[in-house]
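Heads up, the thing below is written out as structure tokens.
The values are calculated or read from the model by the stated rules, or taken from the named source; none is laboratory data. The structure presented is a predicted model; accordingly, all values stated were derived computationally and were not measured. Note that each Cβ is placed from the backbone with ideal geometry, even for glycine, and that neighbours are counted across all protein chains shown.
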Amino acid sequence: MSGHKALNSRIITPPFLFLALILLIGGYFGVQRFMEGMGAVSNLNGGFSWGIWVVYDVVVGTAFACGGYALAFTVYVFNKGKYHPLVRPAVLASLLGYAMGGFGAFFDMGRFWQFYEIFLPWNWNFNSVMLEVGLCVAAYILILIIEFAPAFLERIGQKKLLKVLNKVLFLFIALGVLLPTMHQSSLGSLLIAMGHKVHPLWQTLHFQPLLAILTALTMGFSIVIFEASFSTVGFRRSSETDLLAGLGKVIVGLIAVFLAARLVILALQGKLGLIFTGDFASLMFLLELALFIIPLVILLSPQRRNRGGTLLIAAVCMLFAGSLYRFNAFLFTYDPGPGFSYFPSVPEIMITLGIIALELMVYLAVVKRLPVLHREEHA
Amino acid sequence: MKRRDFLKAAVGGATTLCTVGVAEARPNLEPTENAVGMLYDSTLCIGCKACVSKCKEVNDMPPTMEGDNTTWDSAHDLSGETLNVIKIYKDGTARVKDSVVDGFAFEKRSCMHCVDPGCVSACPCTAMRRDSLTGIVTHHADACIGCRNCMVACPYNVPQFEYNKLFGQIHKCQMCNQAGVERISKGGMTGCAEVCPTGATLFGTRKDLLAEAKRRMTLQAGEVYSYPRGNLSDPFHPHEKAVPHYRNHIWGEKEAGGTNVMHISSVPFDRLGMPPLEERSAASIAESVQHTIYNYMALPAIALAGLTFAVRRNTEDDDHEGGES
Ligand code: SF4
Ligand code: SF4
Ligand code: SF4
């Protein structure tokens, strides 16, 4: 008997229709991109060859999709079984987040009709961080499909297959912890090759992988809190604050480590002074710092940790902090040299919003039809 | 006890994956023995753009038209149809050539054919390659997925993607030696060097060009020097001219591991729009980090073994406790 159950409520609701409208607009520009080329819809140029399709859809979006990864670590590596009820919705969100990241990357792929070239071993350049990111993300999407398969198999009543799968699932779960560790740290490493174009406050060279993985984990835990809080409100389910408060404690540790690492690295590299120069980059850095410190302060107190509302505020702050860290490094303070500027075009933004809308729509539909959310004890 | 050890291995392995102690840092790549390149002497350049138009001819690219102008190629930066461009530095009244104050100067931008190229290092599909003999960096569109990592990893923003075409590709200068052109392999020189009227763009081996650049640094300003044109190793009808005040800096001797295309000038290079580069190449740092983490996939393998063990134990616990899944 599964501990999960479908919500079984109506799929087509007003919010769903609103998302569909955004998807429609994004879809329109998406078609245009594949009819006339990237230049017709985006503001990408010779200096800013990566815009929000890479930086939001892939770099930030996959960090938002780290909930499954963070929980897999907690539940299966550190054996905290009590968080088990949160795993399945988190895996679903991760699957959708990563799938949409891949989808977004496809829009951004300049030579999309040759995408398979990256999968041909004789083409591989083992020096390339991008190769690691590409292959690892693709592999992780497959792993997430397998990790989520039990929900689907339960739904269609494939008991036998389910049993077989459950026997070997541990292997996939282990891979599901390893792969994100690899490619999330590599997303940081991408910045190393960008050299002087990355602002010194974010160009930490050898430390990029460490900072990237720490933000991935903090964002992963925060998104679990965020999603759970929303399904509590949105689907009128009983609150899971007790469980979430526990995660809040983990986040405190992670933020503390991140902030300490960040400042020590900057000190070691002799860049602390840059924080107070008052230019755009230094202001962004301070904003980022504040967004990390607020949740730290909130979550330090057990009372605040145990209140659903403050917990949610902390999680949202964390998500903004982690996203801003990555946006700052890859885009906001990125400087390819004189003569270039970038601000995403409306079609570019709409395609990204369309992808997010699609992700949310699929999530809503799936939790209503497949056993994803944990069965409530006093339902 | 045993189980704790495995847990530690799992977590340890996973953490090592992202905290890097760079065991074997790879140094910058060295110039290839017979590397060919170009020397661009900004003080000789008169901005005639003969090199720009010859480049378009050799590489079969259309002239770039801007606004109402239909009379001449008005490319002002590298693009999918411009692999070589002449830029200008201007200050104040811009009257005196090669003067920092109230002066102007030219600067040529094209692929620098880095000794340790960021584009080659970053490309996942080996679509950017450095020739092991000539050191020339070429692009191979048949393997390229258009991820544009070469563009972000190039310190000089050289590779350019054709955003305006649905089936566009990356373009960059390949020193006139790509398949179908092969001017260098056939013993010739680059198009731009061939047509340059003043010898501002000079073709030759990197060694010879570096020696020539160093010689120019030692000349007395004002004395007449016989500047070779076209090909350094075969100087025909030199260009005689008084020596300017050179800055004692050969761009590309050391920057980010050096380049095969080197520049000299009397205006500081940051004014000419060259990027702030250290001697260590970003490619060498990125690869060191990458290889420390993924050396023979040993770390990931150890981490996976530990993780598998831990996950297996912990999912079994679930079963024993009669938990779900
Ligand atoms: S200048 Fe740019 S494109 Fe040319 S070799 Fe160097 S990194 Fe590659
Ligand atoms: S755009 Fe093409 S050449 Fe450039 S890095 Fe990507 S695959 Fe390589
Ligand atoms: S052909 Fe020679 S002189 Fe004319 S613009 Fe080019 S480099 Fe300068």
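Among the residues of the stretch A:334-346, are any assigned to a helix (DSSP H, G or I) and in contact with a helix residue (DSSP H, G or I) (Cβ under 7 Å, 6 or more places away or on another chain)?
no
If you go through the stretch B:101-111 one residue at a time, do you hit one that is at the interface with another protein chain (Cβ under 9 Å from one of its Cβ atoms) and in contact with a strand residue (DSSP E or B) (Cβ under 8 Å, 6 or more places away or on another chain)?
no
Of everything in the stretch A:108-123, what is more than 7 Å from chain B (Cβ to nearest Cβ) and part of a loop (DSSP other than H, G, I, E, B)? Give them in sequence order.
A:Leu120
Restricting the search to the stretch B:88-113, which residues are assigned to a strand (DSSP E or B) and more than 16 Å from ligand 1 (Cβ to nearest atom)?
Those that are assigned to a strand (DSSP E or B) and more than 16 Å from ligand 1 (Cβ to nearest atom): B:Ile88, B:Tyr89, B:Lys90, B:Val96, B:Lys97, B:Gly103, B:Phe104, B:Ala105, B:Phe106.
In the stretch B:149-165, how many residues are near ligand 2 (Cβ under 7 Å from one of its atoms) and either more than 8 Å from chain A (Cβ to nearest Cβ) or more than 18 Å from the chain's Cα centre (by Cα) (or both)?
The number of residues fulfilling the criteria is 2.
Select from the stretch B:210-259 the residues that are of a type in the set (Lys, Arg) and either under 20 Å from B:Lys108 (Cβ atoms) or touching a residue at least 24 places away in the same chain (Cβ under 8 Å) (or both) and list them in ascending order.
Of everything in the stretch B:210-259, those that are of a type in the set (Lys, Arg) and either under 20 Å from B:Lys108 (Cβ atoms) or touching a residue at least 24 places away in the same chain (Cβ under 8 Å) (or both) turn out to be B:Lys214, B:Arg216, B:Arg229, B:Lys241, B:Arg247, B:Lys254.
Taking the options A:Gly39, A:Gly61, A:Gly97, A:Gly68, name whichever one is part of a helix (DSSP H, G or I), within 14 Å of chain B (Cβ to nearest Cβ) and within 23 Å of A:Leu175 (Cβ to Cβ).
Selected residue: A:Gly68, the only one of A:Gly39, A:Gly61, A:Gly97, A:Gly68 that is part of a helix (DSSP H, G or I), within 14 Å of chain B (Cβ to nearest Cβ) and within 23 Å of A:Leu175 (Cβ to Cβ).
Inside the stretch A:347-375, can you point out the residues that are within 14 Å of chain B (Cβ to nearest Cβ) and not in a helix (DSSP H, G or I)?
Passing the criteria: A:Pro371, A:Val372, A:Leu373, A:His374, A:Arg375.
Across the stretch A:140-164, what is the total count of residues that are closer than 20 Å to A:Ala99 by Cβ and either free of Cβ contacts under 8 Å to residues at least 12 places away in the same chain or not charged (D, E, K, R) (or both)?
So the answer is 13.
In the stretch B:121-143, which residues are more than 14 Å from the chain's Cα centre (by Cα) and either within 16 Å of ligand 3 (Cβ to nearest atom) or under 25 Å from B:Gly168 (Cβ atoms) (or both)?
Once the filter is applied, which keeps residues that are more than 14 Å from the chain's Cα centre (by Cα) and either within 16 Å of ligand 3 (Cβ to nearest atom) or under 25 Å from B:Gly168 (Cβ atoms) (or both), the stretch B:121-143 yields B:Pro124, B:Cys125, B:Thr126, B:Ala127, B:His140, B:Ala141, B:Asp142, B:Ala143.
Do you know which residues across the stretch B:23-42 are of a type in the set (S, T, N, Q) and surrounded by 23 or more Cβ atoms within 10 Å (Cβ to Cβ)?
B:Ser42
With B:Gly118, B:Gly168, B:Gly146 as the choices, which residue is at the interface with chain A (Cβ under 8 Å from one of its Cβ atoms), more than 16 Å from ligand 3 (Cβ to nearest atom) and farther than 26 Å from B:Val289 by Cβ?
It is B:Gly168.
Can you tell me how many residues within the stretch B:114-135 are surrounded by 24 or more Cβ atoms within 10 Å (Cβ to Cβ), assigned to a loop (DSSP other than H, G, I, E, B) and within 15 Å of ligand 2 (Cβ to nearest atom)?
5
Report yes if some residue within the stretch A:50-57 is assigned to a helix (DSSP H, G or I), within 14 Å of chain B (Cβ to nearest Cβ) and over 26 Å from A:Leu190 (Cβ atoms); otherwise report no.
No, because not a single residue in the stretch A:50-57 is assigned to a helix (DSSP H, G or I), within 14 Å of chain B (Cβ to nearest Cβ) and over 26 Å from A:Leu190 (Cβ atoms).
A:Tyr76 is checked against (1) at the interface with another protein chain (Cβ under 10 Å from one of its Cβ atoms); (2) free of Cβ contacts under 8 Å to residues at least 12 places away in the same chain and fails just one. What number does that condition carry?
Just one mismatch for A:Tyr76, condition (2).
Of the residues A:Ala314, A:Ala357, A:Ala329, only one is at pLDDT below 95, under 18 Å from the mean Cα position of the chain (by Cα) and either surrounded by fewer than 22 Cβ atoms within 10 Å (Cβ to Cβ) or at negative phi (or both); which?
A:Ala314
B:Met274: crowded, with 18+ Cβ neighbours inside 10 Å, modelled with pLDDT of 95 or more and within 14 Å of chain A (Cβ to nearest Cβ), yes or no?
Spelling it out, B:Met274 is indeed crowded, with 18+ Cβ neighbours inside 10 Å, modelled with pLDDT of 95 or more and within 14 Å of chain A (Cβ to nearest Cβ).
I need the full set of residues from the stretch B:28-83 which are away from ligand 1 (no atom under 16 Å from the Cβ), outside any loop (DSSP other than H, G, I, E, B) and under 28 Å from B:Gly258 (Cα atoms), in order please.
Answer for the stretch B:28-83, where residues must be away from ligand 1 (no atom under 16 Å from the Cβ), outside any loop (DSSP other than H, G, I, E, B) and under 28 Å from B:Gly258 (Cα atoms): B:Asp41, B:Ala50, B:Cys51, B:Val52, B:Ser53, B:Lys54, B:Lys56, B:Val58.
Do any residues in the stretch B:168-192 that are part of a loop (DSSP other than H, G, I, E, B) have Cβ atoms under 7 Å from those of residues that are surrounded by fewer than 16 Cβ atoms within 10 Å (Cβ to Cβ), where the two are at least six apart or on different chains, and which pairs are they?
Within 7 Å, the pairs are B:Gln169/B:Ala141; B:Asn177/B:Ser185.
Being within 15 Å of ligand 3 (Cβ to nearest atom) and surrounded by fewer than 13 Cβ atoms within 10 Å (Cβ to Cβ) is the filter here; which residues of the stretch B:48-71 pass it?
Across the stretch B:48-71, the qualifying residue is only B:Glu57.
Scan A:Phe29, A:Phe16 and give me the residue that is closer than 27 Å to A:Ser231 by Cβ, aromatic (Phe, Trp, Tyr) and either more than 14 Å from chain B (Cβ to nearest Cβ) or surrounded by fewer than 14 Cβ atoms within 10 Å (Cβ to Cβ) (or both).
Every option except A:Phe16 fails the conditions.
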